[in-house]
Amino acid sequence: MDDLIKQLNLLWEPVQPFLLRHIEELYGRKDGQVLEIGPFGGLIFFLARKNVGESFSIAAFPKEAISFYRQEARDSGFENQVRIIESNGSLIGIPDESADLAIFRGALFFPELFQVDFNAIYRVLRKTGIAFVGGGFGKYTPAEIINRIREHSGQLNDALGRTRVTVETVRDQLRSSGLEGICEIITDGGLWVVMRK
């Protein structure tokens, strides 16, 4: 499991700058507290490098993801700037209203690894905060990059237990969480939930 998560994160590195552009467009700010959630990350190091945000934390889970993040923090030179917190799908250890921007890639597709908890994400968002939750290449990643990694990425995702999710499934989850009214579902560049507080 550890090796599969690491392989997937490394494979997706060329996508990160383009996905970041999509997130920056939605966030529209350069300040604030940034939180990345779950095992499929690395965007936070790009955000820190671009000075998007003032403080940076990772809610890391499952356990296998923690060593990967620690190594990434060392390799990218952000060991002292990015705080890595051992957490879970309920965001244990993450204080209420502590994030202006929360990013959770892969959130909807891996029920064997974790359950996405939309209420927990809402809980940790500050007023006027935004969360970008879901998966996909984002709307700016060039077809050349997508085509280069798509097959291998699909194999790794399947090995990690990826399930297929529809817009209606996600809408039902949001409805049962009582959050449908404050969330927008985006299908441009994947399947994403944009939550605003």
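Values quoted throughout were computed directly from the atomic coordinates according to the rules given, and no laboratory measurement underlies them. This structure is a prediction, so every number in the text was calculated from the model and none was measured. Note that each Cβ is placed from the backbone with ideal geometry, even for glycine, and that neighbours are counted across all protein chains shown.
Cross-link partners for LYS63 among the lysines, with Cα-Cα distance under 23 Å and sequence neighbours closer than 8 places in the same chain left out: LYS6. Per-residue packing, averaged as other Cβ atoms within 10 Å, sorts the ranges 150-161, 53-64, 76-87 into the order 53-64, 76-87, 150-161, beginning with the highest.
Compactness check for the chain: Cα Rg over 2.2 N^0.38 Å is 0.93. Across region 2-196, Cα pairs under 8 Å and at least six residues apart give a relative contact order of 22 percent.
Given a Förster distance of 22 angstrom, what is the FRET efficiency for GLU54 paired with LYS127, based on the Cβ-Cβ distance and rounded to 0.05? Write down the numbers at each step before the final one.
Details: r = 17 Å, r/R0 = 0.75.
Approximately 0.85, to the nearest 0.05.
Roughly how many debye, to the nearest 20, is the charge dipole of the chain about its Cα centre, given +1 on each Lys and Arg Cβ, -1 on each Asp and Glu Cβ, and no other charges?
Values: 23 positive and 26 negative charges, 70 e Å.
Magnitude of the dipole: close to 340 debye.
Calculated FRET efficiency, THR163 to ASP31, Cβ-Cβ distance, R0 = 35 Å: about 0.45 to the nearest 0.05. For the peptides 176-186, 127-137, the ranking by packing is 127-137, 176-186, with the highest mean count of neighbouring Cβ atoms within 10 Å listed first. Using r as the Cβ-Cβ distance of ASP2 and ILE182, and R0 as 30 Å, what FRET efficiency do you calculate, to the nearest 0.05? The computed FRET efficiency comes out at 0.25. Under 24 Å of direct C-alpha separation, and excluding same-chain neighbours fewer than eight residues apart, LYS127 reaches these lysines: LYS30, LYS50, LYS197.
Shown in residue order for region 80-85 are the 3J(HN,Hα) couplings computed by the Karplus curve 6.51 cos²θ - 1.76 cosθ + 1.60 at θ = phi - 60°: 8, 9, 9, 8, 9, 10 Hz (x for Gly and Pro).
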